[in-house]
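Everything below concerns the one structure shown next.
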Amino acid sequence: MRIGVPKEIKTGEHRVALTPAGAAELHQRGHSVFVMRTAGESAGFNDERYVHAGARLVDSLAEVYANAELIVKVKEPQTDEYALLTERHLLFTYLHLAANRTLTDALLASGASCIAYETLTDAQGRLPLLAPMSEIAGRMAVQAGAHHLEMAQGGKGMLLGGIPGVAPAEVLILGGGVVGANAAAMAVGMGAQVRILDKSIARLRQLDDHWRGRVVCEFATQERINILALQADLIIGSVLNAGASAPKVLDRDLIAQMEKGSVLVDVAIDQGGCFATSRPTTHQHPTYKEEGVIHYCVANIPSAVGRTATLGLTNATLAYILRLADTGLVALQSDPGFRAGLNIYRGHLTQAGVAESFGLTYTDPQILLPVG
């Protein structure tokens, strides 16, 4: 198969979808890999390494799409890429369609088949291609939150871990999944007082068993969320409905009651955000203040550590890329977890959460896919 690796053009994006080592694996299996010049440069992988791995360099996005059948990316196609996608393309990337009707419509109109990293599941129902970026985002959320609590950043002037005689900051984490668990680990390491809220008793038991009282693990009722939000100095929003829009867990009236200079970090912003006052920001302009509260809502947090993120992403995606390259969409027919990643198939919407978000028609992908 012919695999294309575009350079990411989303603002502030420094990751690349495939490392030279990944390109070598594909080349050794007899596949052709087309990499756009300088695509991996920001992540520390120069063009020469791709050539040495057996990839061919091309000069433009248009050439990548023209040469390739399978397009592997990090972020969703940008406006300039919409017209480059056709019905012969298979797109494999993060999509987060439930937060972007314009993109959804464009991909449906293109006729391409689009598999989203974030809805693909493994045999245990986990999200293996979302996990490495969630690990990074959770850890960085606390770093960012601690930084923006500083007065020079508009924060209330608190050191996350405090000092002897001065209490540490209170960190509230909404959602105990991969993001939340990694945020807790970072916040505990920095000496904060940490509390996780989640609706899964089983997950709370796991977290409580791990932390042995160092992190308070509570069931998430809206009443309890509201009470604790007013006490928190830093709130990490990490709630997730895979493939669907994120629920809003804090409304504007409550946020207006928070202490001025507190910080909200919305890691769910890719799925529309979990705070009523959230809107996407960039690494160049990561925050804004609303109702006196600092909002950090960067839509591609892991890009700030593009090298680590690229390595982690390729580690997770390569096995799936190889399967797609070897057998095409037939690989999805025999694997329900892989099939769960298919969001769009040749003009049909095949992800129920996205269909529900926009009131569009959902089609079961199993009845559409080719049989090998």
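We did not get these values from a lab; they are worked out from the coordinates using the rules stated. Just so it is clear, the structure is predicted and the values come from calculations on it, not from any experiment. Please note: Cβ atoms are built from the backbone with ideal geometry, for glycine as well, and neighbour counts cover all protein chains shown.
At a glance:
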quantity: Those GluC sites (Glu not before Pro) in segment 56-132 that DSSP places in a loop and that have at most 14 other beta carbons within 10 Å; calculated: Glu87
quantity: DSSP-assigned coil residues among GluC sites (Glu not before Pro) in segment 233-324, each with at most 13 further Cβ atoms within 10 Å; calculated: Glu259
quantity: Of all DSSP beta bridges in segment 131-299, antiparallel share, percent nearest 5; calculated: 20
quantity: Global geometry of segment 12-94, whether rounded, prolate or oblate, following the gyration tensor of its Cα atoms and the 1.5 cut on a/c; calculated: oblate
quantity: Overall form of segment 250-368 per C-alpha gyration tensor (a/c, 1.5; a/b vs b/c); calculated: oblate
quantity: For segment 230-260 versus segment 274-333, the gap between their alpha-carbon centres in whole angstrom; calculated: 19
quantity: Check: segment 131-299 dipole with +1 on Lys, Arg Cβ and -1 on Asp, Glu Cβ, in debye; calculated: 160
quantity: Environment charge at Gly273 (Cβ cut-off 11 Å; Lys +1, Arg +1, Asp -1, Glu -1); calculated: 0
quantity: Net charge of neighbours whose Cβ lies under 13 Å from the Cβ of Ala146, counting Lys and Arg as +1 and Asp and Glu as -1; calculated: -1
quantity: For the chain, built as a Gaussian network whose Cα springs stay under 10 Å, the top-fluctuating residue of Ile344, Ile227, Ile173; calculated: Ile227
quantity: Loop-located trypsin sites (Lys or Arg not before Pro) in segment 167-207 whose Cβ has at most 13 other Cβ within 10 Å (DSSP); calculated: Lys199
quantity: Correct option for percent of Cα pairs over 28 Å apart [calculated from the coordinates] among [x] 67; [y] 62; [z] 45; calculated: [z]
quantity: Dipole magnitude (debye, nearest 20) for the chain, charges at Cβ of Lys, Arg, Asp, Glu; calculated: 380
quantity: Within the chain, percent of DSSP bridges classed antiparallel, to nearest 5; calculated: 20
quantity: Those lysines that a straight Cα-Cα span of less than 25 Å connects to Lys289, excepting residues fewer than 8 apart in one chain; calculated: Lys10, Lys156, Lys248, Lys260
quantity: Which of Leu207, Ala167, Gln222, positive extreme of dipole for segment 131-299 (C-beta unit charges); calculated: Leu207
quantity: Leading residue at positive end of dipole, the chain (Cβ point charges), from Tyr82, Thr104, Met190; calculated: Met190
quantity: Furthest towards positive pole of dipole, Val293, Met151, Ser245, structure part segment 131-299, Cβ charges; calculated: Ser245
quantity: Charge dipole magnitude, Cβ of K and R +1, D and E -1 - segment 261-364, Cα centre, debye nearest 20; calculated: 260
quantity: The chain: calculated mean residue ellipticity at 222 nm from DSSP helix runs of at least 4, using -39500 (n - 2.57); calculated: -10000 deg cm²/dmol
quantity: Cα shape, segment 131-299, gyration tensor, a/c 1.5 rule; calculated: rounded
